[in-house]
Amino acid sequence: ANARSPRVRVAMAPQSMQCRLCLGLALSLPWSGASTSSTMTSIQEGMSGLPSVLDALDMAKTLGVSNATIQAAKASANVKAASDLSLLTEVTRLAGSTSSSLPGGFRDAIFEEQPGDDTKNRIQKAIAEGRHAGLPEGEIQAAIAAIRAHVNDTIASLAASTGSRSLERMRHLAMTIDLGSAFGVDRQVLAKGTAAYEAQLQGNFTAGDVSFVIFAVSRAEQAHAKVPASIALWPKAAAAAANAAKSESPTAYRSWVAAVRDAKAAGLPETADVTTCRSRAQAHLAAELAASAQAPGQPDQRLLRLLDTVADVEAAGLSGATVAEARNATKALASEEVAAVLASNLTAPVGRIVNAFELAGRACVEDLGARKAELAKQLSSRLSGAVSALRAARTAQTLEGLGEAVHFGQKLKQNRTELEAAARVYEAELQSCLVAADVDCVANAVEFAVFAQARVPKQAEGWRVAAKMLADVSRLPSGTASEYDAVMRAVSLARAGGLPENATRLPAVRARAQALTASRIDRALAANDTDSALLALTTAAEAGIPETQLAGVRGKVQASIAAELSAASVVELATTRDAANIVTAADKARRVGLPAATIAAARAEAEARYGKRLTAAREALAASKGVSPKALESFALLADLGRKLAHNKTQMALAARTFEAVLPQEGAATAGDMPLIEAAVSLRDMVRAQLPQRFIQWFVLAQRIRTALPTASSDKSAPEVRSIIEAANGAAMPDTDELVVLKERARANAAFRLVTTVSGSGAASMASAVDVAVRAGVSETKLATASAVTEAFFV
């Protein structure tokens, strides 16, 4: 009775007690002037217990905890327990009363402080938990009605207030409107509050009002208010100016310029941050102007830097003598650069020429048109000279000269007709090279065709690639690690590209490839490596080495592979390697060109041996009683050899049916059959057997059970254990020893959790409820009843 603390600990109380006390606390039950923060802490403590009680009951039912234990727990937490209901109804009635005689008065206590950012969410959570646990809807609606009444009064008070603009008033008004919208307050009332909020967003604002406007705009959505376009961008522009003003480094000049530009576009008054950015941008331009005449580097680079700075400053709306001086300086620099590139008579790099005229255009040089005409005249002269030189002598130099001349014209965007005519001349010369079967001429022409914008036939490109590879290989020393691969690739490219036989270097490289192939095959056969020998032979044939030059080495490879095939056909097939050997040997024999009859005879002998062995194993398995998992595995491994050997399909199907037949019937399987069923499921792909889907489910569940057993008694594993047991029951899985142990551990853990959850702390929560009732003035008769219930709960 003398306690002053407002905290009500209801974490594990019965559901009706929890929800009433939580809802009362969400509405700030006014014990001795308790603050909103301490009240909200109590709400969180009270609501945390609900899910644990409900979850514990649900888990106990699922895992088969005894009905007596569950009913005892339910009796302790019953939402309709008469004594609990009587006591807590009195507490709730007192909490919902509007009588000013209560401590603090309920109406004042709902928001004894102004609402916080999470007020709405906390009240909604308390109401949702109350409904979930069965709190009477009448009590919930009474609480909501009190909230609505408070919102009505608050909006009326705030809307009627006058005076200077206040951030606190705008915050309070926005949050109250948002709360009223969530709890169904009359739209006209909300509209009145929104109108009052919008009225504060009208008027002529100055730099001193920027902070108020930014705050009001940020809360406008919460107040359902429309923001005038004239101030809508103020927050973003002001934030950009503030961030830009923080840096004094010259590297931040673009952010200064952007801040001034954005502030102007948003209509933001001249704040201190905007003024700072403006002065720094102008100072930076002056520094750039002073440095442009002395800065190192190419003239076009210095000009570009100064032009960019002037453009940025002008875009921000800055002006003055410094800006005008900088603009005149750019014109002078640009004019000097254009004169320099024209004086070079197209010997300057094309990039510099292009940049000079582009920058002169940006700098607004007056006589730029006349200078472009002079450039066009120089280019035309160069094109005509290059065409004449190529027609006079088709060399690498003349091809390159015309290509570069056209490239200059393309980059400088000169007369398109003249450039296209030059490109057609280039293409005609390239075609002449092809007709003459001049590989070197074609290679040079293709190399420079990209500059001349000329079309290149596919054949010409193939010749160029092959010729380049032949040249590279010719320079490659003998005996290097990459010699064989490089030489074979060169010969292959020559064949694929259709290179003429008289092409420079081709005969010598082909002879080199033949010698390397013969040497490689001899080394492979000496090491009994028929795979490498066959690969070398195949590579040589695909590269285009004539068969007449390969006949000798092919005979050696054929003899070696024939011996390998004969040895593989008489081996008793006992392992996967044995089956793979006969299949691989037959494939190599086919590729090397051995007679088909020889290959077929070897395979037939191997399959006959395997067929006898499979038949004997199948008959033994079918006749056996009480097949073990080990025997089933041996049969599956043998069947897998037949699959790799592509054995007779009928025999393989019989093996699969035998495998299926030794398993128990789906409806008659017991826990003792599980080892055999698990083995069958893991081996089914080897035999291509079709097993019942339920057997596969049992196999998966058995793996999950073994994984879960070590931690089955922990609360953390409870959801996974529950899922396994539900799945096992649904699949009618036999009660294996492991499953029985898992169920027993789960039931023990669930019963313990239920008892500790409901009984372990529920009594303390009820005692707290009685303490609350004492301080609320509940009658002594009802307090005596509640005390008796609490004592019984402890027992």
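The values are calculated or read from the model by the stated rules, or taken from the named source; none is laboratory data. Given the structure is predicted, the values throughout are model-derived calculations rather than measurements. Quick reminder, even Gly has a Cβ in these numbers, built from the backbone with ideal geometry, and neighbours come from all protein chains shown. The area values use the complete protein model at the heavy-atom level, side chains included, leaving out ligands, DNA and RNA. Shrake-Rupley method; radii C 1.70, N 1.55, O 1.52, S 1.80 Å.
Please report Rg over Rh for region 440-506, where both radii come from the alpha carbon positions and Rh follows the Kirkwood definition.
On the way: Rg = 13.0 Å, Rh = 12.6 Å.
Using only Cα positions, Rg/Rh for region 440-506 is 1.03.
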*Would you calculate the separation in nanometres between label points at T711 and T650, each defined as 7 Å from the Cα along the Cα-to-beta-carbon direction?*
5.6 nm
*Ignoring ligands, DNA and RNA, what percent of the 1.4 Å accessible area of region 169-250 is carbon and sulfur?*
52 percent
_Along principal axes, Cα extents of region 172-293, largest first, whole Å_ = 72, 25, 18
*asked:* Starting from a Cα-only point model with no solvent, please compute log10 I(q)/I(0) by Debye for region 678-748 at q = 0.12, 0.24, 0.25, 0.27 1/Å.
replied: -0.34, -1.01, -1.07, -1.19
*Label points 7 Å out from Cα along the Cβ direction at A145 and D186: separation in nm?*
1.5 nm
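For region 476-582, how big is the tail of P(r) above 21 Å, as a whole percent of Cα pairs? Numbers along the way, then the final one.
On the way: 2539 of 5671 pairs.
It works out to 45 percent of all Cα pairs.
What FRET efficiency comes out for the pair R169/T206, r = Cβ-Cβ distance, R0 = 25 Å, nearest 0.05?
So, using R0 = 25 Å, E works out to roughly 0.80.
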*Given a Förster distance of 30 angstrom, what is the FRET efficiency for A373 paired with A311, based on the Cβ-Cβ distance and rounded to 0.05?*
0.65
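For region 489-562, report the accessible area per residue in Å² (1.4 Å probe, heavy atoms, rounded to an integer).
Working: 3590 Å² over 74 residues.
Per residue, region 489-562 has 49 Å² of solvent-accessible surface.
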*Which lysines have a Cα lying under 27 Å from the Cα of K192, excluding residues fewer than 8 positions away in the same chain?*
K120, K226
*With r as the distance between the Cβ atoms of E660 and F752 and R0 = 51 Å, compute the FRET efficiency 1/(1 + (r/R0)^6) and round to 0.05.*
0.65
*Report, to the nearest whole %, how much of the accessible area of region 451-599 belongs to carbon and sulfur atoms, 1.4 Å probe, protein only.*
55 percent
*In square angstrom, rounded to the nearest 10, how much accessible surface does R591 have for a 1.4 Å probe?*
110 Å²
_Radius of gyration, Dmax [region 507-655; alpha carbons; angstrom]_ = 20.3, 74
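So how much slack lies between A396 and S624, counting 0.36 nm per residue of separation and subtracting their Cα-Cα distance, in nm? Display every interim value, and only then the final one.
On the way: separation 228, 0.36 × 228 = 82.08 nm, distance 8.60 nm.
Additional length available on full extension: 73.5 nm.
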*Rounded accessible area of D438 (nearest 10 Å², 1.4 Å probe)*: 60 Å²
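Would you work out what percent of the accessible area of region 339-430, with all protein chains in place, is carbon or sulfur (probe 1.4 Å)? Intermediate values should be presented prior to the final figure.
Details: 2390 of 4640 Å².
Using a 1.4 Å probe with all protein chains present, region 339-430 comes out at 52 percent carbon and sulfur.
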*Considering the zone a paramagnetic label at A471 would reach in this model (a point 7 Å from Cα along the Cα-to-Cβ line), which residues of region 482-513 have amide N under 14 Å from it?*
504-506
*Once the principal axes of the Cα atoms of region 531-574 are found, what is the range along each, listed largest first in whole angstroms?*
42, 16, 10
